[in-house]
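Reviewing the structure listed below.
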Amino acid sequence: MYTSREDVGYDFGDSSKDGSKTTQPNPNIDGGWAWMIVLSSFLVHILIMGSQMALGVLNIEWLEEFNQSRGLTAWVSSLSMGITLIVGPFIGLFISMCGCRKTAIIGGILNALGWILSAYASNVHYLFITFGVTAGVGSGMVYLPAVVMVGQYFQKRRALAQGLSTTGTGFGAFLMTALLKYLCVEFGWRNAMFIQGAIALNLCVCGALMRPLSSKEVVNEKCIMTNNSEVNHAKALSHSTDTVKSNGVLNGEQEKKEEATNEEVLDHVQHTESGGESRSGKHMYGLCILKRVSQLTVTVRKGFGIWYSSYFGAASLFTNRVFVAFIIWALFAYSSFVIPFIHLPEIVKQYNLSRQNNIFPLTSIIAIVHILGKVILGIISDLPCISTWNVFLMANFTLVACILILPLMQTYIGLAVICALIGFSSGYFSLMPVVTEDLVGTKHLANAYGIIICANGISALLGPPFAGWIYDITQKYDFSFYICGLLYMVGIIFLLLQPCIQKKQPREKSTEEAQV
């Protein structure tokens, strides 16, 4: 796969008269503006993922307002959470055409519009469209760029950076729950959603902070291909991954030819425009519109070409066997984290532990330790002697073991210990972008991670209703945890059957390595 200089973050310059080229590290990689990107992603997780985890407050208000069944009303929250992740592959197309900054700003406006329109809902079905679809798509348009930008700006400390940014989910769960409760009590749920829509406009500010990495004139294609060959050899990934990378290099030459053709078309339009300066203003205005349309067409065509080749072309991501196994794992994984949040209150009630749970809720234990888990696992993964892939697998094994053991615990202390382990081990979510980037590279991170979160979205959308269906049949929550845990184990086995991913290579190359 061809890794662009903008993604890698190095500027190329002449080192000698004989034409040899050296690389100089971009000062914004692993420092400088990179920490503003982390702050932006942190705020995005608070405003989006934190708000979605606090929707239980509004769910109670919707039940009282519309007098619908719990199952039907719960689909409003499920749609919002599921669509946020499911639209990932399509958001990758927007990123390819418009970039992360513009995509996030448009998504912030759409998310705020969904909240505001939902304040005027007359029934639950109205909320399906305004909140479930509109706000959900807007959330997805902000969430994916927030993750991708952190991956682009960090190379040595990516796991730590992703861990710090995703802790916003835990903080947001506390802040947004308290805020929505206060707003609903003081102003009613409709005004609360209107105010939340105004707050969601801050997502546009977060998007504006996602400044793309600057790029300068580069050396010839031969130098690029040589450096990429060294990088690919150092990564030592599976054979299928190497196929994706080599095809990406070949596609880079074709892209250059297409860009040259497009530039000739634009130059022709500009020449026609300059030659018509003596004509009427009406003709000049028409030529200006034609120029803008041509530029937009070139951008859309190029972005769609990158997006299409990632999924269906010769350099398709699906030729990577480890990545395909990663997708299968994601289809089963996320529901195992969501189900405890939904069913723990009922389990506590069945075991007559409501008094202890009211003092310190078990779900709060998961949320608090989840924050610590993301940071600690990120720090461990960035150690030179530790493989991110091994940390990821160990955390998954711990989580699936806790899911299978949880139904056996019938005391508050036992449940609290298991919930703490669930919270800590689920901190591997911060490693998912890192593992994905190690699999496919920075250039295809947006499209690849879009597929992964799409699989997670399907898991989040179908997992809780499936667990509820099992309860309706067996009248026990035990089997819900057992079945979901076993399915989760199947996903982990798919990962174990693939070749191990080696520790990522050092990102900054020396001067001698960068010379042709």
Sorted by chain and number, the residues with a modelled amide H under 5 Å from that of residue 155, at a separation of 5 or more or across chains, are 30
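Roughly speaking, to the nearest percent, how much of the stretch 316-464's 1.4 Å accessible area is carbon and sulfur?
Values: 3650 of 4980 Å².
With neighbouring chains kept in place, the figure for the stretch 316-464 is 73 percent.
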In Å², nearest 10: area of residue 397 left accessible to a 1.4 Å probe: 80 Å²
Would you calculate the convex hull of the Cα atoms in the stretch 320-505 and tell me its volume per residue in Å³? 108 Å³
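In Å², and per residue, what accessible area does the stretch 320-505 have when probed at 1.4 Å with the other protein chains present? Write down the numbers at each step before the final one.
Values: 7010 Å² over 186 residues.
Roughly 38 Å² per residue, with all protein chains present.
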With the contact rule set at Cα under 8 Å and sequence spacing of 6 or more, what percent relative contact order holds for the stretch 320-505? 41 percent
Post the alpha-carbon centroid distance, the stretch 389-417 to the stretch 438-461, in whole angstrom. 25 Å
Per-residue HN-Hα couplings for the stretch 143-158 [Karplus 6.51, -1.76, 1.60; θ = phi - 60°; Hz; x = Gly/Pro]: 5, 4, x, 4, 6, 5, 5, 5, x, 6, 8, 10, 10, 7, 10, 5
Taking 176, 284 and ranking on accessible area (1.4 Å, protein atoms only), highest first, one gets 284, 176
Note, the stretch 441-449: 3J(HN,Hα) by Karplus (6.51, -1.76, 1.60, θ = phi - 60°), whole Hz, Gly/Pro = x, goes x, 5, 4, 9, 4, 4, 5, 5, 5
Taking θ = phi - 60°, what integer Hz values does the Karplus form 6.51 cos²θ - 1.76 cosθ + 1.60 yield along the stretch 479-487, in sequence order, with x for Gly and Pro? 5, 4, 6, 5, 5, 5, x, 5, 5
Taking 8 Å as the Cα distance limit and 6 or more residues as the minimum spacing, I'd like the relative contact order of the stretch 431-495 as a percentage. 16 percent
Need one number: nm distance between label points at residue 178 and residue 360, each 7 Å from Cα along Cα→Cβ, rounded to one decimal. 1.8 nm
Amide H to amide H, which residues 5 or more places from residue 119 or on other chains are under 5 Å from it, using H placed in the peptide plane? none
What is the calculated FRET efficiency for residue 410 to residue 386, with r their C-beta to C-beta distance and R₀ = 45 Å, to the nearest 0.05? 0.75
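Here is the link list: 102/374; 156/443; 156/374. Which ones come out longer than 25 Å on Cα distance?
Values: 102/374 28 Å; 156/443 17 Å; 156/374 17 Å.
Flagged as over cut-off: 102/374.
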Determine, for each peptide in 121-132, 41-52, the mean count of other beta carbons within 10 angstrom over its residues, then list the peptides with the highest first. 41-52, 121-132
How are the C-alpha pair distances of the stretch 67-158 spread across 10 Å bins, as whole percents from the shortest bin up? 18, 41, 26, 11, 3, 0
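The values are calculated or read from the model by the stated rules, or taken from the named source; none is laboratory data. None of the values given here were measured: they were computed from a predicted structure. Backbone-built Cβ (ideal geometry, glycine too); neighbour counts: all protein chains shown. Surface accessibility is based on the protein's heavy atoms, side chains included, excluding ligands, DNA and RNA. Shrake-Rupley method; radii C 1.70, N 1.55, O 1.52, S 1.80 Å.
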